[in-house]
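One structure is given below, represented as structure tokens, and several questions about it will come after.
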Amino acid sequence: MFIEKKHRFPLLECIIAFLVFIFHYTSLIDISFSNISPFILLPLIVGISMYRGELCGLIFGAVCGFACDAVSTSTVCFNTLTLMFTGFLVGLLAKNIFNKNLPGAAALSLLSSAAYHFLKWFLTYFLPDVDGKVYVFLWQIIPSAIYTAAFIIPFFYLEKLLTGERKKKSKLK
């Protein structure tokens, strides 16, 4: 028999994503230093995809990516496609391979952040043959990927709290 999980609509996560989006693109709160800036929506999508599944991760990633592409002046549909596939793959990996714990979330966040930042560097610096591409990769892209992945910690615990994963485990004991 198939057991269908019924989740409520992630309204609070949508509000948090909207606030993070506003803070990121308006620079109301600037948390970047030097040339290193995090893309905080990515760990939020990873946290949501881990607990809500691949379909919710795909939809949430596509909507967040579309919003980012709407205000971006760079590549067309890059954020939509990468965040959509990231949400889907993270949800699939969390369901089948990784555990839903902090080390698993950190690994998935670091992998997705590294893939996102590498693809962004590849399309904006490497393919157009821009001078200083190795410098940008070593001193901006790699630190930005690590800095972005560090934001999984609050989003992991927030999503764990919102989905009630802690309550389910305590009832089983």
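The values are calculated or read from the model by the stated rules, or taken from the named source; none is laboratory data. Please read all numbers here as calculations on a predicted model, not as lab measurements. Counting neighbours? That spans all protein chains shown, and the Cβs are built from the backbone with ideal geometry, glycine included.
Select from region 1-60 the residues that are at pLDDT below 85 and among the β-branched types (Val, Ile, Thr) and write down the one among them that is surrounded by the most Cβ atoms within 10 Å (Cβ to Cβ).
29
Return the residue satisfying two criteria in turn: it lies in region 126-140 and is in a helix (DSSP H, G or I) and hydrophobic (A, V, I, L, M, F, W, C), and of such residues it is farthest from the chain's Cα centre (by Cα). Reasoning before the result, please.
Pass one, region 126-140, residues in a helix (DSSP H, G or I): 126, 133-140.
Among the residues that remain, those that are also hydrophobic (A, V, I, L, M, F, W, C) are: 126, 134, 136-139.
Values: 126: 23, 134: 25, 136: 22, 137: 20, 138: 21, 139: 21 Å.
Per the stated criteria, the residue is 134.
Is it the case, given these coordinates, that residue 84 is modelled with pLDDT of 95 or more and either assigned to a helix (DSSP H, G or I) or surrounded by 20 or more Cβ atoms within 10 Å (Cβ to Cβ) (or both)?
Criteria met by residue 84.
Let me ask something additional. Hey, can you tell me all the residues within region 111-141 that are of a type in the set (A, V, I, L, M, F, W, C), under 17 Å from residue 82 (Cα atoms) and in contact (Cβ under 8 Å) with a residue 40 or more places away in the chain?
Here is the first cut: in region 111-141, the residues of a type in the set (A, V, I, L, M, F, W, C) are 111, 114-115, 118-119, 121-123, 126-127, 130, 134, 136-139, 141.
Now drop any that are not under 17 Å from residue 82 (Cα atoms), which leaves 111, 114-115, 118-119, 121-123, 141.
Listed by number, the residues that qualify are 119, 123.
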